[in-house]
């Protein structure tokens, strides 16, 4: 699979995630709540979009070493997720949400500005780690299963 095909596949996965993400969020968010809901919704969204993407791009995935192709797609999707996550501090209330969560977990603790910067950086790194692992693992599984559902004839 050429790099341009990998880019088209990852771009398609993002479009699929957006299109199915909103209905999934409407259904699951009220039932699961804001904390666990966001993680479950993200996991379901990544897995379903990868399943669909694996099915749609099965022909290209089966052209060469299937696991290598799926790994390329998963890694590029994880890189895209990193760029998405590093935009979080640009959200207006992100720092305030981090501060509220930290103060709720550590009542009465006073931190300096540099310590708050470290806390926010650590939280961002944790979110990035969780999201990248989720995209790598669930994306790989979804692409693999999706490509298996639509095997090319003769394989």
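Read-outs throughout are calculated quantities, based only on the coordinates presented, and are distinct from any laboratory measurement. Since this is a predicted model, take the numbers as computed values, not measurements. Backbone-built Cβ (ideal geometry, glycine too); neighbour counts: all protein chains shown.
Here are a few things to note about the model shown:
- Pairwise FRET efficiency - residue 87 versus residue 129, Cβ, R0 = 22 Å, nearest 0.05: 0.85
- Dividing the mean sequence gap of close Cα pairs (under 8 Å, 6+ apart) by how many residues region 3-149 holds gives a relative contact order of 41 percent.
- Comparing 144, 55, 84 in a Gaussian network model of the chain where C-alpha atoms under 10 Å apart are linked, the largest mean-square fluctuation is found at 84.
- Projecting label points 7 angstrom from Cα along Cα→Cβ for residue 151 and residue 118 puts them 5.6 nm apart.
- Kirkwood Rh, Cα atoms: Rg over Rh of region 1-69: 1.10
- Of 103, 110, the sequence from fewest to most neighbouring Cβ atoms within 10 angstrom is 110, 103.
- The spacing between region 52-109 and region 1-49, judged by their C-alpha centroids, is 10 Å.
- Between 95, 53, 33, the residue with the greatest mean-square fluctuation in the GNM of the chain (Cα pairs under 10 Å linked by springs) is 33.
- Kirkwood Rh and Cα Rg combined as Rg over Rh, evaluated for the chain: 1.08
- Helical runs assigned H by DSSP (4 residues or longer) give the chain a calculated mean residue ellipticity at 222 nm of -28000 deg cm²/dmol, each run adding -39500 (n - 2.57) before division by the residue total.
- Of 112, 12, 87, the one that fluctuates the most in a GNM where the chain has Cα springs shorter than 10 Å: 112
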